[in-house]
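The values are calculated or read from the model by the stated rules, or taken from the named source; none is laboratory data. Quantities reported herein were computed from a predicted structural model and do not represent experimental measurements. As a convention, Cβ positions derive from the backbone with ideal geometry for all residues, glycine included, and neighbour counts pool all protein chains shown. Remember, those area values only see protein heavy atoms, side chains included, never the ligands or the DNA or RNA. Shrake-Rupley method; radii C 1.70, N 1.55, O 1.52, S 1.80 Å.
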Amino acid sequence: MNVFKLLVWALFLLPMISEAQGDIFGSWQGKMSTPKGNYVFNLDLRPNKSDWGRIKGTAIHDRNGVKEVIELEGMLYGDQSIYLSDVGDPYSRIEGGETFSKLQFVLSLQNGDVVLNGHWQEYEDLRRYRKGKLVLHRRKSKA
């Protein structure tokens, strides 16, 4: 492919990527389905102003009456996939007795609404993890 065609494709795709990035920021809510049950899962996404192209997030899920807050950072890719993980080094977190979470999503349309479909893993050590399926919808503001 010559440089001109590549440039035309880039100019065509850039507005779509920018629009999708605008669609992901804000509050999301849905369900996390795991082998041990279903839980309400909330996710707030915002741009990382100090590192262009990266995103930050805060996840809150209520597991059997215990609310857990996870601070996340990650990236939105051009194929509409989003990868997030706990802030901090996974090795030192696990060695310190903490868990380490990773989330992967695909931004998609369902019945005309933007939806985040994805998976969550919480690593207890470097080989064992708990997993769940996530389906999140844009949270409606109550204004």
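Results, tabulated for the structure shown:
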{"item": "Mean accessible surface per residue for the range 15-143, computed with a 1.4 Å probe while every protein chain stays in place, in Å²", "result": "61"}
{"item": "Nearest-0.05 FRET efficiency for Lys140 and Lys67, computed from C-beta distance (R0 30 Å)", "result": "0.90"}
